[in-house]
Structure formats: structure tokens, C-alpha cells
Amino acid sequence: MSEEKVIVANKGLVRADFAFWVGQYLDKFYDGLENKKIMGNKCPKCGDVFVPPRKICGQCNVVIPLEENWVDLPDTGILKNFTITPYRINDRSSRKAKDWIIGIVQIDGSNTSIIYRLLNMEPKDVKIGMKVKIEWNENTKGDPSDIKGFIKV
Ligand SMILES: [Zn+2]
């Protein structure tokens, strides 16, 4: 009969950095973010505007050409919904002291929504349908973190 022993025990998190290509449409979108600009693209058939941009309109099953149909959009939008949570997307193992408010925001002129933190707001101040504006990170990198979150207009 063999005896089982634990030789090494190490408690902690394993972190792995990785890189992947997001594709031509998101690549262009992230280039826009780096310059603090929101770019959507428009379905040539139904006219819906997507943020982030898409290659295919799911409704019409039409390919949106990469070199056309881009739309410059403002950095304002409407809060469509929100949730309040103590969990962090990049640290789900622990609760933090303060709740975060996460909003679903439809950028003005688009037909889709993006999800970001609502900043400088108390839960009682948050109302579905309220106007919000992007708070940009000072140093942009061309990735989703260029948008810090949304603030009240
Ligand atoms: Zn369409």
C-alpha cells in the first residue's frame, strides 16, 4: 500500500497574458478608440448602425463592406439598463468594498449597445433612459480600456 503525500502546495492565481487578432472590423474600431472616436458601421440594406462594428448584419444576412459604410458617432448615449455588483470582471474571486454600477449604453446614432462602468454616480441617481457620456482614459492604447466608463451628461 502506497502512502500519498502532498509535496508542494501553492495557493495563488495563475495569470496568463495572451494576444489575439480581433479581425479587420474591430481593428478599425479600436484604432478609432485610440483617437477617442466612436466608429460604427451601417448595414447597406436595413440601415442599422452597429457599435462595435460587425461584418454581417444578422437581420439581413448581408455582408457590410470593410471599406464602406463607416459612421462617425458621438461619445454620448442613452442608458438602456444597468446592474450593481461587488464583483470585478478581472478579479472574480473576491468581493470589493464598493459596488460598481455596470451599464448597457446605446451610443447615439447606433442600434446596438455596449457595456461599461457608470462612473461618479450613486445607485439612486441611475435611471434607465438617462443621457450619458464617455469618460476616456487619458492615455489610450487602442483597446476596450480606452473607455474608462460613462458619466452623467
Ligand atoms: Zn441589415
Quiz item: From the residues in region 67-85 that are assigned to a loop (DSSP other than H, G, I, E, B) and either away from the ligand (no atom under 16 Å from the Cβ) or among the small types (Gly, Ala, Ser) (or both), which one is most open to solvent (accessible area, probe 1.4 Å)?
Solution: GLU67
Self-check item: Residue satisfying all of: in region 57-66; in a loop (DSSP other than H, G, I, E, B) and of a type outside the set (S, T, N, Q); farthest from the ligand (Cβ to nearest atom) among these
Solution: LEU66
Quiz item: Just wondering, is there one or more residues in region 20-33 that are more than 16 Å from the ligand (Cβ to nearest atom), open to solvent by less than 40 Å² (accessible area, probe 1.4 Å) and either part of a loop (DSSP other than H, G, I, E, B) or modelled with pLDDT under 95 (or both)?
Solution: yes
Quiz item: Do we have any residue at all in region 21-36 that's more than 26 Å from ILE147 (Cβ to Cβ), free of Cβ contacts under 8 Å to residues at least 60 places away in the same chain and among the hydroxyl-bearing types (Ser, Thr, Tyr)?
Solution: no
Quiz item: Which condition does GLY40 not pass, out of (1) assigned to a strand (DSSP E or B); (2) within 16 Å of the ligand (Cβ to nearest atom); (3) surrounded by fewer than 17 Cβ atoms within 10 Å (Cβ to Cβ), if it passes all the others?
Solution: (3)
Practice problem: Mind listing just one residue for me: the one in region 114-139 that is touching a residue at least 40 places away in the same chain (Cβ under 8 Å) and under 21 Å from VAL71 (Cα atoms) and, of those, surrounded by the most Cβ atoms within 10 Å (Cβ to Cβ)? | Solution: VAL132
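The values are calculated or read from the model by the stated rules, or taken from the named source; none is laboratory data. Values in this document were obtained by computation on a predicted structure and should not be read as measured data. Backbone-built Cβ (ideal geometry, glycine too); neighbour counts: all protein chains shown. Surface areas here come from the heavy atoms of the whole protein model, side chains and all, with no ligands, DNA or RNA. Shrake-Rupley method; radii C 1.70, N 1.55, O 1.52, S 1.80 Å.
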